[in-house]
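Below you'll find the structure, written out as structure tokens, and then a few comments.
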2 protein chains.
Amino acid sequence: MRADIGQISSYSPDDEVLYGPPVGLPALREAIAELWTRSFALEPKLRDLNVSVCSGATEGLSLLFRCFARDRAVGLPRGFWENYANGVELAGGRSVLVDYFDADGRLDLAGLHDQIEREHIELLVANFPSNPTGALLDRDECAALAGLLRECDCLCISDEVYARLRYDGKPAMSLLGFAPERVVVVSSASKEYLLPGARVGYVLSVNSDLTDRVLRKLIRANTASPNVLGQRLLLPRLEAELTDLRAGREPQFLGALREELKSRRDALVELLLRRGFRLAGRAGGEAQGTIFLMVHVPKWFSGSAEEFAEAALSAGVCSLVPGDSFGLPETLRFSFGGMTTEQIGALDRGLGGLQAELKRSN
Amino acid sequence: MRADIGQISSYSPDDEVLYGPPVGLPALREAIAELWTRSFALEPKLRDLNVSVCSGATEGLSLLFRCFARDRAVGLPRGFWENYANGVELAGGRSVLVDYFDADGRLDLAGLHDQIEREHIELLVANFPSNPTGALLDRDECAALAGLLRECDCLCISDEVYARLRYDGKPAMSLLGFAPERVVVVSSASKEYLLPGARVGYVLSVNSDLTDRVLRKLIRANTASPNVLGQRLLLPRLEAELTDLRAGREPQFLGALREELKSRRDALVELLLRRGFRLAGRAGGEAQGTIFLMVHVPKWFSGSAEEFAEAALSAGVCSLVPGDSFGLPETLRFSFGGMTTEQIGALDRGLGGLQAELKRSN
């Protein structure tokens, strides 16, 4: 009999939602381990002990920074989600911007190597597909980056929440498949499973001492445990995917979602190019993954990116994020994650109206 | 149009659970503010801005320690939930055990004053009803403690997750009603609403700069936002209570729950006294609140509290928490939160069997 748990039960069972374990429901941990192992052909295979379920990828990142960033220099990609910088700062580390790509959009291994040595970077954050630029790596580049991590004796936190939302037709990749001993992955149910408000994320590592012991302790102190409602909602979606994967099929739901997102991206790219925006993705191209499109401020607007965002908002056209918050000044981030055909039409008319109005007033 | 949010929407609406705000759904913040204002006759009244919803009381505590404990001495009650000590340590503070009560169970204001001055305590944790001892304060004691906080220029984090689970027939109290400018309250949906696995907690302060700005930023970095599934489950329960409170009635669900818990406590007290345990609550008495009962190791067992817990576990009687983890050695914590009449019977037989077996083997 459990006389040790601090919860009320067996009173009104239909109303009760009891505590789940600190690192997640066992069935969910198992499903995530199998899904990643199968999706990315991981070797060694992941087991339930290699998975810590937590309150969104955000909690995973925040706890990993507390584990590894303290008093250390942490390399953040130029073009980074601003929570990385917050997490490093709150953990007592120092953020250093690094450039993964050269001016032509090539993976700049020599440059990265120099930056890591010069700045004494011991922890590198990778995020491919990248928020905000939509950049991703191909197989050879993943292998080369893994080699660099070994060469520089560097640990890598790889934020892979968009791992399988890539639109270049190539198979999705995880850095965990290339340098398992140096890469800790963070991912979540938010993007591929449409559940951001469920707050279910996870950390993956071949080192189960991290995922099963250290993070268990930290999660207990930080949030006690991830909520079971979101976990229960996620589990059947993973199981449906596993059914497809075990049968050697591409996961059906994910495949259809990717098609839809690709067509949203294509429509937004077409519109923005036609309206005079230049793309600011890898090699000056379009986003190859994620739900974001990075562009330069158009020539027809004379102000800064922040001023453009303000003008678009106050004209009722749309809300945007200026690139400064990602370390990419004079750019703008559009999200196409929620853009239906009707909204693309409305955005087109809105931007047209804004341009016409500015022309009149000059 | 929102082109700034990092989520996928308008694709498969029935499957989507979209992000909620970092400090909680507006309707939930409002309901919590009104419920606390009405339940505890708070003055000034709380508004939605005075409420930060977060991922359980645990996240609230953890973030408050990060706000207020760094490089400071923090007074924890002797008999404390172990997460307080973890939170203080992770925030870079120093825990100091303080005694709220003297040997006769009286609130020891002079002793507390001395400890606060001597140890330079700037932050005091209060937890009434108390986990693990079940101790609570009456109205005069709350007022006296509020006076002490002012006198010593001390901030207080008051963990009130069991606020209305008190069995002495007196009205529930919140320290926020006595020293609003010095008390920050943490509470949750876990106990009174039977939703520990939903992970919905909240922080209350008359200083909305803390709840609406500082904690918004910290929650964003720590977990992004609390899950909306649990918030949606909690909201109608609060609304049902508000209907009762507005009509001047005692909340019906809570009243019935309290009666049930009181009868579970009474049955456990009767059983344990009969089996030779001495109670270790305030003034050596029974728990007046919470779902816990603290007892001394019975005379018929010659070992330590840890050894008793191990013996009870390995004999299949029950799992218990030894008091060491609360700073109360040689005691044991029983939870009656899940104890049905049948389980009380089984526990009775189990303890009887354990005692008989020990007698035989000696």
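Where a number appears in this text, it was derived from the coordinates with a stated rule and is not lab data. Predicted model, so just to flag it, every value in this text is computed and none were measured. FYI the Cβ positions are ideal-geometry reconstructions off the backbone, even for glycines, and counts take in every protein chain you see.
Observations on the model:
- Counted charge near residue A:138, where neighbours are those whose Cβ lies closer than 14 Å (Asp, Glu -1; Lys, Arg +1): +2
- Test item: Cα-centred dipole of chain B, Lys/Arg +1 and Asp/Glu -1 on Cβ, debye: 360
- Spin-label pair residue A:249-residue A:355: with each label point 7 Å from Cα along the Cα-Cβ axis, the two points sit 4.4 nm from one another.
- Copy-to-copy label separations for residue A:300, where each label sits 7 Å from Cα toward Cβ, in nm and ascending: 8.9
- Gyration tensor (alpha-carbon) shape descriptor, chain A, a/c threshold 1.5: prolate
- Label point distance in nm, residue A:89-residue B:41, each placed 7 Å from Cα along Cα→Cβ: 4.5
- Averaged over the residues of B:196-206, the number of partner chain Cβ atoms lying within 10 Å of the residue Cβ comes to 5.
- Pairwise centroid distance, computed over Cα atoms, of the stretch B:267-345 with the stretch B:232-250, Å: 35
- Lysine-lysine proximity count for the protein assembly as shown, Cα under 20 Å, sequence distance 8 or more or distinct chains: 8
- Placing a label point 7 Å from the Cα of residue A:14 along the Cα-to-Cβ direction, the distances to the matching points in the other copies come to 2.3 nm, shortest first.
- With neighbours defined as other Cβ atoms within 10 Å of a residue's Cβ, the residues B:178, B:128 order from fewest to most as B:178, B:128.
- Annotation for residue B:168, label-to-label distances across the other copies: 6.8 nm (shortest first, one decimal, point 7 Å from Cα along Cα→Cβ).
- Unpaired by the 4.7 Å Cβ criterion, cysteines found in chain B: B:54, B:67, B:142, B:156, B:318
- Length gained when the stretch residue A:278-residue A:181 is fully extended (0.36 nm per residue, less Cα-Cα span): 31.0 nm
- Neighbours of residue A:275, meaning other residues whose beta-carbon lies under 14 angstrom from its beta-carbon, give a summed charge of +2 when Lys and Arg score +1 and Asp and Glu score -1.
- Per-residue Cβ neighbour counts within 10 Å put A:203, B:214 in the sequence B:214, A:203, beginning with the fewest.
- Relative exposure of B:244, B:104, judged by other C-beta atoms within 10 Å (fewest first): B:104, B:244
- Along chain A, longest interval not containing exposed trypsin sites (Lys or Arg not before Pro), exposed being DSSP loop plus at most 15 other Cβ atoms within 10 Å: A:107-248
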